[in-house]
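**Q** Take a look at this one; I'll ask things after.
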Amino acid sequence: MAILKIARMGHPVLDSVAEPVDDPGAPEVQRLIADMLDTMRDANGTGLAAPQVHVPLRVVMFYVSERRAGPDPDDGPVPLTVLVNPSWEPLDDETALDWEGCLSLPGLTGEVPRHARIVYRGLGLDGGRIERRAAGFHARVVQHECDHLDGVLYPMRMADLSRFGFVDEVGRALADAREAAEGDAE
Ligand code: NI
């Protein structure tokens, strides 16, 4: 087991377009996946892409916990999923706004528009083909991780940079706003 160093925003590996994996069964790819799993668990992440651990290959992993799952059957929960050479496309024009974080931007969060429903494809851990529909958080995490393979970090997708900040400050502001709204309703 190895816990890998996570690149932070500003490191050039996060800006580059990652290369496709020729042989998902190659021992070095299997070792990379095992180390990425250890790294993601150690960092309490819900997703990780290979460029975040300084490896410019098209490999991502993620899961959707019970807590994150939504009412749509395509919105999880989803067990830990590895995707080698993933691709995705939107199923319609609907987008959704929600808060995201990233292990490469520790302590920060931003409100990011994403496609609400997508279909994605890739090769799984055992080399078998995966094709799934995703909605809500499930669709969001897949789009976020696949963006890492093309050198895109979530602030680059944001429409309103006033909705970008430190988690503890934004959390406080949102809690205050909720309190004010509840106060008005009484
Ligand atoms: Ni990320």
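The values are calculated or read from the model by the stated rules, or taken from the named source; none is laboratory data. Quick caveat: nothing in here was measured; it's all calculated off a predicted structure. Glycine also receives a Cβ, built like all others from the backbone with ideal geometry; neighbour counts cover every protein chain displayed. Calculation scope for accessible area: heavy atoms of the full protein, side chains included, ligands and nucleic acids excluded. Shrake-Rupley method; radii C 1.70, N 1.55, O 1.52, S 1.80 Å.
**Q** Scan the stretch 17-64 residue by residue and report those that are more than 17 Å from Gly124 (Cβ to Cβ), among the small types (Gly, Ala, Ser) and out of contact with any helix residue (DSSP H, G or I) (no Cβ under 7 Å at 6 or more places or on another chain).
**A** Ala43, Gly45
**Q** Quick one: how many residues across the stretch 1-58 are of a type in the set (Ser, Thr, Tyr) and closer than 15 Å to Leu149 by Cβ?
**A** First, pick out the residues of the stretch 1-58 that are of a type in the set (Ser, Thr, Tyr): 16, 39, 46.
Then drop every residue that is not closer than 15 Å to Leu149 by Cβ, which leaves 16.
Selection size over the stretch 1-58: 1.
**Q** Tell me the strands (runs of 3 or more DSSP E) entirely within the stretch 48-111 that contain at least 2 residues that are within 26 Å of Pro12 (Cα to Cα), away from the ligand (no atom under 14 Å from the Cβ) and open to solvent by 70 Å² or more (accessible area, probe 1.4 Å). Break it down stepwise before answering.
**A** Working: elements: 59-64, 78-90, 95-100.
Those strands (runs of 3 or more DSSP E) do not exist here; none qualify.
**Q** Moving to a separate point now. Condition check: modelled with pLDDT under 95 and at positive phi. Does Gly127 satisfy that?
**A** Numbers: modelled with pLDDT under 95: yes; at positive phi: yes.
Taking the combined requirement at face value, the residue satisfies it.
**Q** Further, regarding this structure: Among residues belonging to the stretch 18-29 that are assigned to a helix (DSSP H, G or I) and loosely packed, with under 13 Cβ neighbours inside 10 Å, point out the one that is nearest to the chain's Cα centre (by Cα). Explain how you work it out, then say what you get.
**A** Applying the first criterion (assigned to a helix (DSSP H, G or I)) to the stretch 18-29 yields 27-29.
So of that shortlist, the ones also loosely packed, with under 13 Cβ neighbours inside 10 Å come out as 27-28.
Details: Pro27: 25, Glu28: 23 Å.
Applying the filter and picking the extreme gives Glu28.
**Q** Could you check the stretch 33-47 and list, in sequence order, the residues that are open to solvent by 30 Å² or more (accessible area, probe 1.4 Å), within 14 Å of the ligand (Cβ to nearest atom) and touching a residue at least 24 places away in the same chain (Cβ under 8 Å)?
**A** Ala43, Thr46
**Q** Being of a type in the set (Gly, Ala, Ser) and farther than 24 Å from His138 by Cα: is that true of Gly25 here?
**A** Working: of a type in the set (Gly, Ala, Ser): yes; farther than 24 Å from His138 by Cα: yes.
Here the answer is yes, as Gly25 does meet what is asked.
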